[in-house]
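The values are calculated or read from the model by the stated rules, or taken from the named source; none is laboratory data. A quick note: this is a predicted structure, and the numbers were derived from the prediction, not measured. Here the Cβ positions follow ideal geometry from the backbone for every residue, glycine too, while neighbour counts run over all protein chains shown. Accessible surface is based on the protein model in full, side chains and every heavy atom, while ligands, DNA and RNA are left aside. Shrake-Rupley method; radii C 1.70, N 1.55, O 1.52, S 1.80 Å.
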Amino acid sequence: MTPNPPIPPGTASHFHAPLPDAADVVVIGGGIAGVTTALYLARDGLDVVLCEKGVIAGEQSSRNWGWVRAQGRDEAELPVMLTARQLWKSLAQELGEVLGLTTCGVSYLAADDGELARYEKWLPVARKYGLDSKVMGRDELATALPNSAGWAGALVTPSDMRAEPATAVPAIARLAMAEGVAIRENCAVRSLDVQGGRLVGVVTEHGPIRADRVLLAGGAWSGLFAGNAGLPLPQLSVRATVAATEPLPDFWFGAAADARFAFRRRADGGYTLAPGTEHDFWIGPAAFRNIRYYMPQLRRDLSQTRLQWLAPRGYPDAWGTPRGWSPDQATPFEAMRMLSPDPNPARLKKLQDDFAAAFPQIGRPKIRAAWAGMIDTMPDQVPVLDETTLPGFFIATGLSGHGFGIGPGVGHVMSRMLQAKDTGHDLTRFRFLRFQDGTPIRLGPAL
């Protein structure tokens, strides 16, 4: 079986729905949050248009680790994640093996007894929500996962899952299309259409669409779009490098990570490898503008962050990227159809070194494919899921590197919110205005 790397730049579009003059809802962005929101809206009988500036899942939704986990999440996310679990299982029944959905377990590997004790503090939260999480001691872990890393133990949730991002999200999009969603790739939404202070639709590069409800699920581009609409969204993004190995012995069926590296079994017989908490960050205008919001995160995570000054041309927070434009102008979204950063070669080498040191019986893994993605994040590392101060304009973004697994849950709650229905969850922590109303910033978990 060949590997499933992310969807590459230049991929031909497959969704060419003609744009209607009007719709009940326009969804901006073809990642997992946008696609699943559109699907569940259509199942409730609404006319939905989804516009994607490039191709479905072309960015982070096909570039992530593929984890579908409840373990270690911010407690406010857990109810939504438990909904997502059930939705993943339902989607797998409908779509079959293309999702690659497998119950494999997720493990957080503790470098020392202090870290293991911190993981153990999460167990009351797990029990509160009926999760099967447990702590595995040093000897038990060494028996289950022979290693030379000297891990003190692990936090393990056996019921957590994995899926194959590059095939899963396009498959869900095809299902949404079959259920009536008009999906148009290579169609950037340039701006909102606001008349007399009221949202009346959007303007795309191919013309306007009337709609009184719009969802922005634009990943790393959401802050730029919202800013052009005059709405403050202190979103930034970091580069994360990922690799797929050649086939390896099936030494660990599940997914696991420590601070240095993460790994999970792939459907093609290899493993996905990634730095555990390390990433690269380009300092741009939005970073300077929002630095006060990010100070708690910087104080905690700076040692894991490599700072760089000049983002490549056209990136959302590059110095030369326009911050404002009119609906009749080409936008940054058209200038860069797919945000596809190069992987960091130094991190790839370190991944191989760290893996070989931890598992000398396996040795240095050969990398079959490597890539990177831009992870959209918020100052507190939990998303914005809310209607904005412009009635009818909603945002689902800032999923902060753990959006793939929770994606169907986000789609479900946003579909309910867009219809003014009870979402079934307390979404207070994910309010749009929490960074403007004086709410103290409380960081979500680092992993």
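Can you work out which of the residues in the stretch 157-187 that are assigned to a strand (DSSP E or B) and among the basic types (Lys, Arg) is nearest to residue 64 (Cα to Cα)?
162
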Checking residue 350 against (1) within 24 Å of residue 380 (Cβ to Cβ); (2) open to solvent by 30 Å² or more (accessible area, probe 1.4 Å), the condition it does not meet: (1)
Can you name the number of the only condition in (1) under 24 Å from residue 427 (Cβ atoms); (2) open to solvent by 20 Å² or more (accessible area, probe 1.4 Å); (3) among the small types (Gly, Ala, Ser); (4) in a loop (DSSP other than H, G, I, E, B) that residue 76 fails? (4)
Residue 192, sole failed condition from (1) buried (at least 24 other Cβ atoms within 10 Å of the Cβ); (2) free of Cβ contacts under 8 Å to residues at least 24 places away in the same chain: (2)
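I need a count of the residues in the stretch 177-234 that are farther than 24 Å from residue 398 by Cβ, in contact with a Phe, Trp or Tyr (Cβ under 8 Å, 6 or more places away or on another chain) and not basic (Lys, Arg). Full working, then the answer.
Applying the first criterion (farther than 24 Å from residue 398 by Cβ) to the stretch 177-234 yields 177-180, 182, 184, 186, 193, 195-198, 200-201, 203, 205-210, 212.
Within this subset, residues satisfying the condition of being in contact with a Phe, Trp or Tyr (Cβ under 8 Å, 6 or more places away or on another chain) are 177, 184.
Narrowing the set further to residues that are not basic (Lys, Arg) leaves 177.
Result for the stretch 177-234: 1.
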Any idea which of (1) within 30 Å of residue 379 (Cβ to Cβ); (2) surrounded by fewer than 19 Cβ atoms within 10 Å (Cβ to Cβ) is the one residue 267 doesn't satisfy? (1)
Pairing a residue in the stretch 162-180 that is touching a residue at least 12 places away in the same chain (Cβ under 8 Å) with any residue that is in a helix (DSSP H, G or I) and basic (Lys, Arg), where Cβ atoms lie under 7 Å and the two sit 6 or more apart in sequence or on different chains, gives 179/43
Among the strands (runs of 3 or more DSSP E) confined wholly to the stretch 263-344, which include 1 or more residues that are modelled with pLDDT of 90 or more and touching a strand residue (DSSP E or B) at 6+ places or on another chain (Cβ under 8 Å)? 271-275, 279-282
Consider the stretch 48-84. How many of its residues are in contact with a Ser or Thr (Cβ under 8 Å, 6 or more places away or on another chain) and basic (Lys, Arg)? 1
Search the stretch 391-404 for residues being in a loop (DSSP other than H, G, I, E, B) and touching a strand residue (DSSP E or B) at 6+ places or on another chain (Cβ under 6 Å), and hand back the single one that is most open to solvent (accessible area, probe 1.4 Å). 401
Considering only residues of the stretch 227-264 that are in contact with a helix residue (DSSP H, G or I) (Cβ under 7 Å, 6 or more places away or on another chain) and aliphatic (A, V, I, L, M), which is surrounded by the fewest Cβ atoms within 10 Å (Cβ to Cβ)? 233
Quick check on the stretch 363-378. Is at least one of its residues within 30 Å of residue 145 (Cβ to Cβ), open to solvent by 30 Å² or more (accessible area, probe 1.4 Å), β-branched (Val, Ile, Thr) and over 22 Å from the mean Cα position of the chain (by Cα)? yes
Options 215, 199: the member that is under 23 Å from residue 375 (Cα atoms), open to solvent by less than 10 Å² (accessible area, probe 1.4 Å) and either touching a Pro at 6+ places or on another chain (Cβ under 6 Å) or not in a loop (DSSP other than H, G, I, E, B) (or both): 215
Regarding the stretch 378-386, can at least one residue be identified that is among the acidic types (Asp, Glu) and within 30 Å of residue 416 (Cα to Cα)? yes
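Restricted to the stretch 410-447, and to residues that are in a helix (DSSP H, G or I) and open to solvent by 50 Å² or more (accessible area, probe 1.4 Å), which residue is farthest from residue 129 (Cα to Cα)? Walk me through it before giving the result.
The first filter runs over the stretch 410-447 and keeps only residues in a helix (DSSP H, G or I), leaving 410-418, 428-430, 432-435.
The next check asks that each one be open to solvent by 50 Å² or more (accessible area, probe 1.4 Å); those that pass are 412, 416, 428, 433.
Values: 412: 19, 416: 22, 428: 18, 433: 28 Å.
Checking each candidate, the answer is 433.
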Only one residue in 337, 347 is more than 25 Å from residue 199 (Cβ to Cβ) and in contact with an Asp or Glu (Cβ under 8 Å, 6 or more places away or on another chain). Which one? 347
